[in-house]
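Derivation of every value follows stated rules applied to the coordinates shown; laboratory data play no part. As the structure is a computational prediction, the values presented were derived from the model and not from experiment. Note that each Cβ is placed from the backbone with ideal geometry, even for glycine, and that neighbours are counted across all protein chains shown.
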Amino acid sequence: MTERQVRNFRETIRANGWLVTEPVEYRGNEQAVRLRRLLSYAVAERIIVPERAAALAGVSPREFLSEPGEIF
């Protein structure tokens, strides 16, 4: 893309208010998993204890440990 095309694209986004709201409604099911993965990794590497990871995730230690999930 040329610099002019990028500028026009950004102006279109700004003019339509898409910096604040999405242009279409998203109907999918999103779930934030990055924090849980990082916490699981930190526990596996003994960087933090499971109780601290659970507190950061906002769940009980039992719940945190019962959901192994993906690390990567």
Using the crude model of +1 on Lys and Arg Cβ and -1 on Asp and Glu Cβ, and no other charge, please compute the dipole size for the chain relative to its Cα centre, in debye to 20. 240 debye
The chain, Gaussian network, Cα under 10 Å: of 36, 14, 52, the residue fluctuating most is 14
Return the loop-located GluC sites (Glu not before Pro) in region 17-72 (DSSP other than H, G, I, E, B) with at most 10 other Cβ atoms within 10 Å of their own Cβ; answer none if there are none. 25, 30, 45, 70
Fully extended contour minus Cα-Cα distance, from residue 10 to residue 44, at 0.36 nm per residue: 8.0 nm
